[in-house]
Amino acid sequence: MSPLSPARRLSVLSLLLLLLILTAASSAAAAEEEFTEELLLRPLPDRKALAHFHFRSSKPPTAASGRHHHLFPKAISQLVQKLHISELELSFTQGRWNYETWGGFDPLSTDNAKPPGVELWATFDLPFADIDATWKNLTHTLSGMFCASINFLESSTAFSAPRWGFKLNEGKLRYGALPREAVCTENLTPWLKLLPCRDKAGIASLLYRPSIYKGYYHSQKLKLTSSQTRGIVLDHSLTVVLQPNMSKSTQLHSTDGKLQPSWSMEHLFNRKLLGKCLVSKSSRIFVEIEKGILVKSGPEVSWSNKFFELSTAPDRVLKEWDHLEVQSSSLYEYDLSNYNDDKPLDVGITWKLPLVWSCFPAPYNARRFLMGSGNERGSIALSFLSTDLHKQLPGSSNDCSIKAVVLQMFPWYVKVFYHSLQIFIDGSSKAVTEVLDMIHVTPSEDKLSPGTLEMLLRFPCSMQSATLILDFDKGFLHIDEYPPDANQGFDIPSALVSFPDFNSSRRYPEIDPMFVSPLLENFKEDNVVKSYTEVLLVPLTTPDFSMPYNVITFTCTVLALYIGSLLNALRRRIGEEECRLRKAAVKPALIPLLLARLRGHKVDPSESESSPASPVGLKLLVKVALVAAVAVVFHYLSNS
């Protein structure tokens, strides 16, 4: 083999150098992509357990990483770049968050408690004229990506553009909800495919389907933010409320009450953790013990005390402080890099003594219900019940006031009379101007857009209860606009109630500045305390859907009889039938003729050949006349 020429050798070396440069550039870009996984476990006062899974994938700006991705899902990156999305949040929820028992003031309930069904909102970096068309493309893309009916939100009757009731924006935000959307594994599987390790390794391997979907509450969320400086940050979160086995909690203590059910990860999810996802930058598990337990268990933050004991000693204990500089809970941290197949992690809690505590509630518990009867009109009532939170705040008095922002979206067939707003405080009627500081109404248009109501209310701190009532008329739909289960009723999406004066931020003074935890970073953000109300089920006037079927069946039967008889009469061959009848009449007369000849009697051949005339022509005329009479009667009845 002849040696390479100097020019050939130089070209090969330059090509190798170019490949090395490209490989180094791609590896440098890949190093900037990060993935973290975290899990938060918390016992609840009503003998249940809360599990909150949090995954974060981030990528640098496009100029730094190009179009190649190693950890970040390519489908999400293309979606953001194609549709110019600034912020997006999509949630699938089954069940309703119990604000009274599970809490409504902490960051977890504020940011991850979602309304039943599907909720989608997005902010676009586009001109106003292009936002609605881009929203429709977004709904179709997400519908195919997550195997859901999100494409139903493309209609202008299914989404709205709130100004300040949901989130302060410049008119580029779109919001939509599908309260009746069912949540199942078909939605969870595409959600898991966005993770680098899916559910094969790391914390996501705990997502055992039968355990997840038998819980009281299940909410999976996808939230992304995009900017020119930070790139794209994608947060996956899954919040479930599970019921541990109650067999161990039947024993009574000598004092009062029952023991809380002891549980572990293997008990809740039917498996242990065998290590972290290999590509994750950090993998941690936190067990949160709330303030109500800490107050009774003593000032020392210990993982083993007279009330409870953790199954595994934590790597670190973090004190969590709220915005009032009061310790709200303690976090026991476990680093998954210290565990593997030979040393699996199975964190659990064992209760030693009965303990009763409560979670920190929101300023008011908001409920919504229907009033009235019949299929013509009704009323929507929104009630607020005070939790006396202002008494726990330092420096507060009964002369203060609490702000509440209400956002409600009404379908076009629920025709709300906004001028009929009535406000009752502690049972007595109040003028609207005394409570209502600001209002923004977007009236609905028939079959074009829903109605949106945004209100800023100001309640006195001494108030114990308040009720807002709005009257509405029920519209009529075309028969093609009814869903298959129209007799079940029509859903009105949940109302959103937020309290601008209260935020659920947390602070961790003992954390090292180099400590990276996206979950705790989210808890540090100043999120406004908010809660969702129930979904309303409004019965509307529905037609008798069997009537068209009956009319079609009767009409087709009459037409079949008429046309069948007419064709039978027109296509019948009368000559052949007469010959057939003659032969049938002549054949039976042969035997009597032979007998008569054998006996010697004379027979007249004309009589033998003559046979009685067949009444075929007469019958044919009668049938034609009968069919014509039926046709005339049917035509007369149909016209009348």
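General remarks:
- Residues located in region 116-142, provided they are open to solvent by 10 Å² or more (accessible area, probe 1.4 Å) and either acidic (Asp, Glu) or farther than 21 Å from Ser86 by Cβ (or both): Pro116, Asp125, Asp130, Asp132
- Within region 231-251, being of a type outside the set (A, V, I, L, M, F, W, C), in a strand (DSSP E or B) and either under 23 Å from Asp199 (Cα atoms) or modelled with pLDDT of 95 or more (or both) holds for Asp235, His236, Ser237, Thr239.
- Residue list for region 155-180, restricted to those being among the charged types (D, E, K, R) and more than 21 Å from Lys223 (Cβ to Cβ): Arg163, Arg180
- For region 513-525, the criterion of being open to solvent by 60 Å² or more (accessible area, probe 1.4 Å) and at pLDDT below 85 is satisfied by at least one residue.
- In region 441-483, the qualifying residues are those that are assigned to a helix (DSSP H, G or I) and not β-branched (Val, Ile, Thr), and the one that is most open to solvent (accessible area, probe 1.4 Å) is Asp480.
- Among the residues of region 407-431, those identified as outside any strand (DSSP E or B) and closer than 21 Å to Gly372 by Cβ are Pro411, Trp412, Tyr413, Gly427.
- Close pairs from region 373-402: first within 23 Å of Asp322 (Cα to Cα) and part of a strand (DSSP E or B), partner at pLDDT 90 or above and of a type in the set (Lys, Arg), Cβ under 9 Å, at least 6 apart: Ser401/Arg458; Ile402/Arg458
- The sole residue among Thr542, Thr555 that is surrounded by 10 or more Cβ atoms within 10 Å (Cβ to Cβ) and in contact with a helix residue (DSSP H, G or I) (Cβ under 6 Å, 6 or more places away or on another chain) is Thr542.
- Residue count, region 100-111 (criterion: surrounded by fewer than 19 Cβ atoms within 10 Å (Cβ to Cβ) and not acidic (Asp, Glu)): 1
- Filter pass, Asp485 being over 30 Å from Phe360 (Cα atoms), at pLDDT 90 or above and not small (Gly, Ala, Ser): no
- The residue pairs whose first member lies in region 564-583 and is acidic (Asp, Glu), whose second member is modelled with pLDDT under 75, and whose beta carbons are closer than 9 Å, counting only pairs six or more residues apart or on different chains, are Glu577/Ser614; Glu577/Val616; Glu578/Ser614; Glu578/Val616; Glu578/Gly617.
- If the condition is being hydrophobic (A, V, I, L, M, F, W, C) and either crowded, with 18+ Cβ neighbours inside 10 Å or in contact with a His (Cβ under 8 Å, 6 or more places away or on another chain) (or both), then region 159-189 contributes Phe159, Ala161, Trp164, Phe166, Leu173, Ala177, Leu178, Val183, Leu188.
- The listed residues are Gly103, Gly95, and the only one of them that is under 30 Å from Phe384 (Cα atoms), touching a Leu at 6+ places or on another chain (Cβ under 9 Å) and touching a residue at least 40 places away in the same chain (Cβ under 8 Å) turns out to be Gly103.
- Residue identified as open to solvent by less than 10 Å² (accessible area, probe 1.4 Å), at pLDDT below 90 and in contact with a strand residue (DSSP E or B) (Cβ under 9 Å, 6 or more places away or on another chain) among Leu353, Leu389: Leu389
- Asn503 open to solvent by 30 Å² or more (accessible area, probe 1.4 Å) and in contact with an Asp or Glu (Cβ under 7 Å, 6 or more places away or on another chain): yes
- Residues of region 200-215 that are part of a loop (DSSP other than H, G, I, E, B) and surrounded by 18 or more Cβ atoms within 10 Å (Cβ to Cβ): Ala201, Gly202, Leu207, Gly215.
- When each of Leu120, Leu50, Leu126, Leu79 is tested for being in a loop (DSSP other than H, G, I, E, B) and either at pLDDT 95 or above or among the hydrophobic types (A, V, I, L, M, F, W, C) (or both), the lone residue that passes is Leu126.
- Residues located in region 313-337, provided they are over 17 Å from Arg42 (Cβ atoms), over 35 Å from the mean Cα position of the chain (by Cα) and modelled with pLDDT of 85 or more: Ala313, Asp315, Arg316
- When restricted to residues that are open to solvent by less than 30 Å² (accessible area, probe 1.4 Å) and free of Cβ contacts under 8 Å to residues at least 60 places away in the same chain, region 484-500 contains 2.
- Residues of region 534-550 that are under 14 Å from Phe490 (Cα atoms) and not aliphatic (A, V, I, L, M): Glu534, Pro539, Thr541, Thr542.
- Hey, Gly378 farther than 24 Å from Ser531 by Cα and open to solvent by less than 80 Å² (accessible area, probe 1.4 Å) or not: yes
- First in region 252-281 and at pLDDT 85 or above, second anywhere and part of a loop (DSSP other than H, G, I, E, B) and of a type in the set (Lys, Arg), Cβ under 8 Å, 6 or more apart: Gln260/Arg47; Pro261/Arg47; Met265/Arg271; Met265/Lys272; Glu266/Lys272
- When every residue of region 83-99 is checked against the conditions, none turns out to be in a helix (DSSP H, G or I) and open to solvent by 30 Å² or more (accessible area, probe 1.4 Å).
The values are calculated or read from the model by the stated rules, or taken from the named source; none is laboratory data. What you are looking at is a predicted structure, and each value in this text was computed from that prediction instead of being measured. Heads up, the Cβs are rebuilt from the backbone with ideal geometry, glycines too, and the neighbour counts pull from every protein chain shown. Each accessible area value is taken on the protein alone, full model and side chains, heavy atoms only, with ligands, DNA and RNA left out. Shrake-Rupley method; radii C 1.70, N 1.55, O 1.52, S 1.80 Å.
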